[in-house]
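Participant: Structure provided below as structure tokens; questions to follow.
The values are calculated or read from the model by the stated rules, or taken from the named source; none is laboratory data. Remember, predicted model here, so these are calculated numbers, not experimental data. Every residue, glycine among them, receives a Cβ derived from its backbone with ideal geometry; neighbour counts consider all protein chains shown. Just so you know, the surface numbers come from the protein's heavy atoms only, side chains and all, with ligands and any DNA or RNA stripped out. Shrake-Rupley method; radii C 1.70, N 1.55, O 1.52, S 1.80 Å.
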Amino acid sequence: MNIKQLRYILSVDESRHFERAAEKCFISQSTLSTMIGKFEDEIGIKVFDRKSKPVRVTEEGKVIIAKIRKIIKEVEGLDNLVQELKGEMRGKITIGVIPTIAPYLLPRFVPSFARRFPGIHISIKEMTTENILRELLNRQLDIGIAAIPLENKNLVEIPLYNEPFVLYNSRPMNTMPEMISISQIDFSHFWLLEEGHCMRTQVESICELSTQRKSHAYNFDFKAGSIDSLIRFTKLNKGMTILPYLSTLEFNAKEKKKIRYFKSPKPMRNVGLLVHEHFVKKQLLKEMESMINGVIDPLFSIDTSGDIISPI
């Protein structure tokens, strides 16, 4: 067996079609099929069921492919290590970012990061924390950006910044002070993101909503799929919600008047980088950490304890 055969197998697994996989690998379909066939004959296991359409991976093949992905990542890791030793940077890197962070962080650092590494093709996608975790462990993803800690022994977590939550209130606030506590929230008019977003879990934990939302003012329930939808729905229904601070930076003056900041202890989340323990592009990772901190730090006024005194 050889590396080419392993890459051909992964290509078929991704496309579930021999012809499309061959085109992607820039070889003929017959060559790809022959090479994979030789691999299967050598190990004595059928990786693909060629009779099904689309091509189906056998149960044994699923185990083989999972191992192949790890092998390919190790080979790529060796190549990346050699590049770093020689002072070169090229290839591809994939980054997964949770949706409650991506729109507010990525535009601030990605353009300059891409210019810093012109030989690297950067692929970024929004993903739930669960999917980021799974793909990092499967070595399908290089870097994750999410709320930490996740405390997985196979992952390395690099803290970036603590982001406070703020209250967004579309209800009349004549009597609500500028600085509030969690106990002052009217949970009968409170809205959340849908299940699967880690921010929902954090907010529920902060507010203990399971016991405080028994008497909701509406006869319907709505769980937003994005922060933008959450803000729009909250605004139109004169409700309230909790938002991460960075999502409010581009609010106009009228919308900013609907924001209230929390008294200490301030509810917040720790945002960090996640990589597999065998990730080797250390220079690139260090540069990413530095660039993110460089654009985020000026947005907050921080005391020695790490608490945000007041947003700038």
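Participant: Return yes or no: is residue 71 open to solvent by less than 40 Å² (accessible area, probe 1.4 Å), in contact with a Leu (Cβ under 9 Å, 6 or more places away or on another chain) and closer than 25 Å to residue 280 by Cβ?
Facilitator: no
Participant: Let me ask something additional. Test each condition in (1) more than 30 Å from the chain's Cα centre (by Cα); (2) at pLDDT below 85; (3) assigned to a helix (DSSP H, G or I) for residue 31 and report the one that comes out false.
Facilitator: Here residue 31 clears every test but (2).
Participant: So, one more: Considering only residues that are out of contact with any Asp or Glu (no Cβ under 6 Å at 6 or more places or on another chain) and open to solvent by less than 50 Å² (accessible area, probe 1.4 Å), which ones fall in the stretch 142-157?
Facilitator: 142, 143, 144, 145, 146, 147, 152, 155
Participant: Among the residues of the stretch 30-49, write down those that are of a type outside the set (Asp, Glu) and surrounded by 15 or more Cβ atoms within 10 Å (Cβ to Cβ).
Facilitator: 32, 33, 35, 36, 37, 39, 46, 47, 48
Participant: Which number in (1) under 29 Å from the mean Cα position of the chain (by Cα); (2) open to solvent by 60 Å² or more (accessible area, probe 1.4 Å) marks the one condition that residue 10 misses?
Facilitator: Failing condition for residue 10: (2).
Participant: Further, regarding this structure: Just to check your reading of the model, which residue among 151, 178, 163 is at positive phi and at pLDDT 70 or above?
Facilitator: Only one candidate passes the filter, namely 151.
Participant: Being under 16 Å from residue 50 (Cβ atoms) and assigned to a loop (DSSP other than H, G, I, E, B) is the filter here; which residues of the stretch 2-28 pass it?
Facilitator: Result: 16, 17.
Participant: Still on this model: Being at pLDDT 90 or above and among the hydroxyl-bearing types (Ser, Thr, Tyr) is the filter here; which residues of the stretch 93-111 pass it?
Facilitator: Answer for the stretch 93-111, where residues must be at pLDDT 90 or above and among the hydroxyl-bearing types (Ser, Thr, Tyr): 94, 104.
Participant: So the check is Cβ under 6 Å with 6+ separation or different chains; which pairs have a first residue in the stretch 64-82 that's farther than 19 Å from residue 12 by Cα and a second one that's modelled with pLDDT under 80?
Facilitator: 77/280; 80/280; 81/280
Participant: Need a quick list: helices (runs of 4 or more DSSP H) entirely within the stretch 205-312 having at least 3 residues that are surrounded by 12 or more Cβ atoms within 10 Å (Cβ to Cβ) and at pLDDT below 80.
Facilitator: 227-236
Participant: May I pose another question? Which ones in the stretch 98-126 are in a strand (DSSP E or B) and more than 22 Å from residue 147 (Cα to Cα)?
Facilitator: 120, 121
Participant: How many residues are touching a residue at least 60 places away in the same chain (Cβ under 8 Å) and closer than 30 Å to residue 156 by Cα if we restrict to the stretch 250-287?
Facilitator: Count: 21.
Participant: What single numbered condition from (1) touching an Asp or Glu at 6+ places or on another chain (Cβ under 7 Å); (2) modelled with pLDDT of 90 or more fails to hold for residue 136?
Facilitator: If we test residue 136 against (1) touching an Asp or Glu at 6+ places or on another chain (Cβ under 7 Å); (2) modelled with pLDDT of 90 or more, just (1) comes out false.
Participant: Would you confirm, using the coordinates I've provided, whether residue 64 is of a type outside the set (Gly, Ala, Ser), open to solvent by less than 30 Å² (accessible area, probe 1.4 Å) and under 30 Å from residue 282 (Cα atoms)?
Facilitator: In short, no.
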